[in-house]
Amino acid sequence: MLDPAILVPYVGACVLLAIVPGPTVTVIIANALARGTGAGLAIIAGTQAGFLVMTLVVAFGMQALVAFMGVAFDWIKLIGAAYLIWLGFNMLRSRGDLGTAEAVRDKTNLGIAIEGFLVILSNPKALIFLGAFIPQFVDPSQPSFGQVMGLGVFFMVVAGTTDVLYALVAGRARGLLSAARVRLVSRVSGVLLMFGGVWLALQKRA
């Protein structure tokens, strides 16, 4: 079972990471603008399926890592904390650009969902992100597979919720997604994420 003391900061970090638009949100917004909210939701269904596949990959990999490379596991957790700080720094530099992805209007919702699935699986950065982020919150003294899957599901719920909000806004009220507002959210999230990365690194050294 996941420790609430770990789960609370983990969910907080998930919110900060998910709320700032990235490549996936760009595709969601493009489809919602072109074909309506339903198309944006179809993309989200596909990306959620892709995240589930990637979480399984990380879970099986983490199980092997904990079993055979305990020292390396500690280093991966520290690298993950540095990765959070790097992500936060990049958020501080954000210009609030929502991207220029284009949507094909004649696709079915199933086709759009498949597109979302392929967008995630074709992006190695997504797998690297999950592989660097989740291990920081895993207790190596406990079975890792269930922990990783639980953490992965929490991330999917948080990311799915924020993605749905973007799809709804893009489908109905495009003006709310101004560059200035996105930039403000990105910078605030970046600062908090950098503090979170430092906190995690210090916790590890203690």
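Values in this text are rule-based calculations from the coordinates and carry no lab data. Just so it is clear, the structure is predicted and the values come from calculations on it, not from any experiment. Counting neighbours? That spans all protein chains shown, and the Cβs are built from the backbone with ideal geometry, glycine included.
Each residue of segment 133-150 was assigned a 3J(HN,Hα) from its phi angle through the Karplus curve 6.51 cos²θ - 1.76 cosθ + 1.60 (θ = phi - 60°); the sequence is 7, 4, x, 5, 10, 9, 8, x, 7, 10, x, 7, 4, x, 5, 5, 5, x Hz, with glycine and proline shown as x. When each of the peptides 35-44, 150-159 is scored by the mean number of other C-beta atoms lying within 10 Å of its residues, the order from highest to lowest reads 35-44, 150-159.
Between the beta carbons of residue 86 and residue 15, assuming R0 = 22 Å, the FRET efficiency works out to 0.75 to the nearest 0.05.
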